[in-house]
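Engineer: Have a look at this one before I ask anything.
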Amino acid sequence: MKTDVRIFGTVISTYSRVVQITCEESTISHEIIATAAQSPQNRHPFGKVPVVEVDGLELIESVAIANYIDNAYNGGALQLSDPAVRAVGDKWVAIANNYLFPLFEDGLVMPWIMHNVAGYPLRREKIEAALPNISRALGFVEAEMSVDGAWTANGFSMADVFLYPVLRGLQLTPQGEVGIAQCDHISEWMKNCEKRPSIHATRWESEP
Ligand SMILES: N[C@@H](CCC(=O)N[C@@H](CS)C(=O)NCC(=O)O)C(=O)O
């Protein structure tokens, strides 16, 4: 039988997982066709992954991809309907994509991947330089969650779909694990997300 969604991206990738979680939530089939961002096969005009094929469309940018799949196959259930509540969710998706992901990826996730997977020396100076900003970012998220639950007060939504893989990638690094363990609200939210079948079904191979 034909797979509904073809994800051209790296197998262990934050944004491939965003698409995978959305497919699981929408109960449609999906597969990853392993494609490195820098490979000549990658069709993304800005050299990012994933590129997604669905319904004869070729889509890029995870917000557009996830919203399309949710709208076409899930009745838009991951996008909150009340405009004010939706604005809060959209704010958190934007925070995840514009601030948290670049900070975590550049400062901790990639240095550890380059070290553990590609065998390069660990770039300790890069990690040391990034840690204060990463701590500040985690502190901000933790404080927001402790006041009003931030995005979590509104049930599982697109904000969770984006924030979970971004924070999970960080948590899989030694310093990220320690940082998140110090944040009670973030830790509890992550544990709750992990009970969700879509999160469980899309675990990375590298996850314990
Ligand atoms: N704005 C893009 C970001 C995608 C992105 O940054 N993907 C990462 C992998 S998770 C990537 O392509 N990294 C390789 C690179 O930046 O060279 C989206 O939302 O899809």
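Engineer: Return only the number of the condition from (1) within 11 Å of the ligand (Cβ to nearest atom); (2) free of Cβ contacts under 8 Å to residues at least 40 places away in the same chain that TYR15 does not satisfy.
Structural biologist: Status for TYR15: all satisfied but (2).
Engineer: Please go through region 119-165 and give me each residue that is open to solvent by 60 Å² or more (accessible area, probe 1.4 Å), of a type in the set (A, V, I, L, M, F, W, C) and more than 19 Å from TYR99 (Cα to Cα), ordered by number.
Structural biologist: VAL147, ALA153
Engineer: Could you give me the residue pairs with C-beta distances under 7 Å whose first residue belongs to region 100-121 and is in the same structural domain as ASN133 (by TED's automatic domain parsing), whose second residue is open to solvent by less than 70 Å² (accessible area, probe 1.4 Å) and not in a helix (DSSP H, G or I) wherever it lies, and which are 6+ apart or on separate chains?
Structural biologist: Note: pairs meeting the criteria are LEU108/THR173; VAL109/THR173; PRO111/LEU122; TRP112/THR173; HIS115/LEU122.
Engineer: Moving to a separate point now. Report those helices (runs of 4 or more DSSP H) wholly inside region 28-129 carrying at least 3 residues which are away from the ligand (no atom under 13 Å from the Cβ).
Structural biologist: Answer list for region 28-129: 62-73, 83-95, 110-116.
Engineer: Further question on the same structure: How many residues are β-branched (Val, Ile, Thr), touching a strand residue (DSSP E or B) at 6+ places or on another chain (Cβ under 9 Å) and in a helix (DSSP H, G or I) if we restrict to region 6-21?
Structural biologist: Adding up the residues that qualify gives 1.
Engineer: While we're on this one: Only one residue in GLU58, GLU53 is under 18 Å from ALA37 (Cα atoms), acidic (Asp, Glu) and surrounded by 15 or more Cβ atoms within 10 Å (Cβ to Cβ). Which one?
Structural biologist: GLU53
The values are calculated or read from the model by the stated rules, or taken from the named source; none is laboratory data. Everything numeric here is computed off the predicted structure, so don't read it as measured data. Glycine gets a Cβ as well: all are built from the backbone with ideal geometry, and neighbour counts include every protein chain shown. Protein only, heavy atoms only, side chains kept; ligands, DNA and RNA dropped before computing areas. Shrake-Rupley method; radii C 1.70, N 1.55, O 1.52, S 1.80 Å.
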